[in-house]
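Okay, structure first, notes after.
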């Protein structure tokens, strides 16, 4: 099975923000997925600098990407440049968020 | 077999390790503060019920009112602030405590000091109040060494750091003024009581409490609301004007210069109005139109601050004791106590989620933070808080003692519901 950025992104979207209930890709937090041989580098951000869930989310990323077949090392680069903004949320996910009244 | 590496964003700069795990204090340090603070919320809310009728008679300088006010200020507000800053300092300002052990000692000194102050004021025992004052001062000195002094050179977010620093400066001044008042209680010297109490209340509520919220809130509110695109210009002016206004008023009262008191009041009012405008912009630019119960409660607290602003200006113009009492209630209980309760309604479930599930991020079937909290419960508590404050403030301003007791009872009900909810969250597996 070929390791593709799409497959990695699909795996990354299973890591959800526990407050918003959306995956990392749908939230626009994943800036780049680079694959070099068996190694995967994920460049991503958080909704805010010093996000208290940062370490847990990084560990989740390593876990789900590392579980993909053929993946060797997983590197996570966290960046705040450019900073995340709500406009980065996937339009379909934004609809879910907008209708998400009391949940 | 291997896909070509996608080109990374040109501007992307790895900045991992912004708040390394070793910079964070042990979780039990803020948690212990939050538990103590919640106990004070319960005590203050229960004691507010018998104290409310006297406030509606315009008697705001009573021992009961002073004792209850200190449950909310020293107990609920300052204890929460100490605890929250151990957690927020490293992530929001890159400032961490020198020593977690000193943090626990600070909490013990502050809790004991607050208890003595409250008991001493309630029973009119100046010696006990003096002992409590000394312990609270020792706790503040230790906190200043442990965290506060480090805010002078905040590596990140200096505006937040300086605003928090100004807030603690106001707390120090408020404590010194309390010391001066204490001297009159012990018969050491004579200073006009009303001026000292007015300065003390403004330094504590408008100076410490409101400046602290202006600083920390400028970080938390846009984060909670996902509204980072909102213009920030009103917020840049709000804190300096509020701080200047409080100082001018303090000098005016202590030097008996009426024009300074009035001018300071106007400057403070402009600062608060700008903060309310800033908060309105954060709410208007939010990505999520529907507000969850805790953010609705934040909005209610801001509305109480707006009501306090109007009542405060009316009290300043007329000097009517019932308006002064209504202002004190609105700013200490309606604004600060309700706002902190709203923040707890947000962070306690979040911290519970972190504690239980953060090691399992990425697994399927994990609950969301909102799933941990019975929404109806929070909604009822929030409604009782708002109804309680509205009833209480209106009853005090109008001079209706029975209605004031009813408003206080509604407020106490809201506090009881919240405390029960948090106890269930903490103990349920």
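The values are calculated or read from the model by the stated rules, or taken from the named source; none is laboratory data. Nothing here was measured: the structure is a model prediction, and the numbers come from that model. Glycine gets a Cβ as well: all are built from the backbone with ideal geometry, and neighbour counts include every protein chain shown.
Could you please find all residues in the stretch A:21-37 being within 8 Å of chain B (Cβ to nearest Cβ) and over 9 Å from the mean Cα position of the chain (by Cα)?
A:21, A:32, A:33, A:34, A:35, A:36, A:37
Does the stretch B:247-262 contain at least one residue that is closer than 23 Å to residue B:159 by Cα and modelled with pLDDT under 90? Spell out how you get there, then give the answer.
The initial filter retains those residues of the stretch B:247-262 that are closer than 23 Å to residue B:159 by Cα, namely B:247-248.
If we keep only those that are modelled with pLDDT under 90 as well, we get none.
Checked the stretch B:247-262: no residue is closer than 23 Å to residue B:159 by Cα and modelled with pLDDT under 90.
Against the conditions (1) in contact with a helix residue (DSSP H, G or I) (Cβ under 8 Å, 6 or more places away or on another chain); (2) under 25 Å from residue B:218 (Cβ atoms); (3) facing another protein chain (nearest Cβ under 9 Å); (4) surrounded by fewer than 21 Cβ atoms within 10 Å (Cβ to Cβ), where does residue A:59 fall short? Just the number, please.
Tallying (1) in contact with a helix residue (DSSP H, G or I) (Cβ under 8 Å, 6 or more places away or on another chain); (2) under 25 Å from residue B:218 (Cβ atoms); (3) facing another protein chain (nearest Cβ under 9 Å); (4) surrounded by fewer than 21 Cβ atoms within 10 Å (Cβ to Cβ), residue A:59 fails exactly one: (2).
Please enumerate the residues belonging to the stretch A:38-56 that are more than 7 Å from every other protein chain (Cβ to nearest Cβ) and modelled with pLDDT of 90 or more.
Correct list: A:38, A:39, A:40, A:41, A:42, A:44, A:45.
In this structure, is residue B:308 modelled with pLDDT of 95 or more and more than 15 Å from residue B:221 (Cβ to Cβ)?
Values: modelled with pLDDT of 95 or more: yes; more than 15 Å from residue B:221 (Cβ to Cβ): yes.
Taking the combined requirement at face value, the residue satisfies it.
Can you pull out the residues in the stretch A:62-83 that are more than 7 Å from chain B (Cβ to nearest Cβ), under 12 Å from the mean Cα position of the chain (by Cα) and not in a strand (DSSP E or B)?
Step one: filter the stretch A:62-83 for residues more than 7 Å from chain B (Cβ to nearest Cβ), giving A:62, A:65-76, A:83.
Add one more test, that the residue is under 12 Å from the mean Cα position of the chain (by Cα), and what stays is A:62, A:65, A:76.
Selection gives A:62, A:65.
Could you check the stretch B:363-393 and list, in sequence order, the residues that are over 14 Å from residue B:412 (Cα atoms) and free of Cβ contacts under 8 Å to residues at least 40 places away in the same chain?
If the condition is that a residue be over 14 Å from residue B:412 (Cα atoms) and free of Cβ contacts under 8 Å to residues at least 40 places away in the same chain, then B:363, B:364, B:365, B:366, B:367, B:368, B:369, B:371, B:376 are the ones that fit.
Can you find, within the stretch B:364-403, the residue that is nearest to the other protein chains (Cβ to nearest Cβ) among those that are part of a loop (DSSP other than H, G, I, E, B) and closer than 26 Å to residue B:57 by Cα? If you could, list the steps in order and put the result at the bottom.
Within the stretch B:364-403, the subset part of a loop (DSSP other than H, G, I, E, B) is B:364-368, B:373-374, B:399-400.
Pick out the ones that are also closer than 26 Å to residue B:57 by Cα and you get B:399-400.
Numbers: B:399: 39, B:400: 35 Å.
Looking at residues that are part of a loop (DSSP other than H, G, I, E, B) and closer than 26 Å to residue B:57 by Cα, I get B:400.
Give the stretch A:1-22 a look and list any residue that's surrounded by 20 or more Cβ atoms within 10 Å (Cβ to Cβ) and without any contact (Cβ under 8 Å) to a residue 24 or more places away in the chain, or say none.
Once the filter is applied, which keeps residues that are surrounded by 20 or more Cβ atoms within 10 Å (Cβ to Cβ) and without any contact (Cβ under 8 Å) to a residue 24 or more places away in the chain, the stretch A:1-22 yields only A:16.
Looking at (1) surrounded by 17 or more Cβ atoms within 10 Å (Cβ to Cβ); (2) within 14 Å of chain A (Cβ to nearest Cβ), which is the only condition residue B:356 fails?
The single condition residue B:356 does not satisfy is (1).
Of these, B:95, B:68, B:78, which one is buried (at least 24 other Cβ atoms within 10 Å of the Cβ) and more than 20 Å from residue B:336 (Cα to Cα)? Explain how you work it out, then say what you get.
On the way: B:68 fails: more than 20 Å from residue B:336 (Cα to Cα); B:78 fails: more than 20 Å from residue B:336 (Cα to Cα).
When all the criteria are applied, what remains is B:95.
Being within 20 Å of residue B:83 (Cα to Cα) and assigned to a helix (DSSP H, G or I) narrows it down to one of B:127, B:215, so name that one. Explain how you work it out, then say what you get.
Numbers: B:127 fails: within 20 Å of residue B:83 (Cα to Cα).
The conditions single out B:215.
Tell me, yes or no, whether the stretch B:411-424 has at least one residue that is modelled with pLDDT under 90, within 19 Å of residue B:41 (Cβ to Cβ) and not in a helix (DSSP H, G or I).
no
With B:279, B:315 as the choices, which residue is assigned to a helix (DSSP H, G or I), away from chain A (no Cβ under 14 Å) and without any contact (Cβ under 8 Å) to a residue 40 or more places away in the chain? Full working, then the answer.
Numbers: B:279 fails: without any contact (Cβ under 8 Å) to a residue 40 or more places away in the chain.
After applying the criteria, what remains is B:315.
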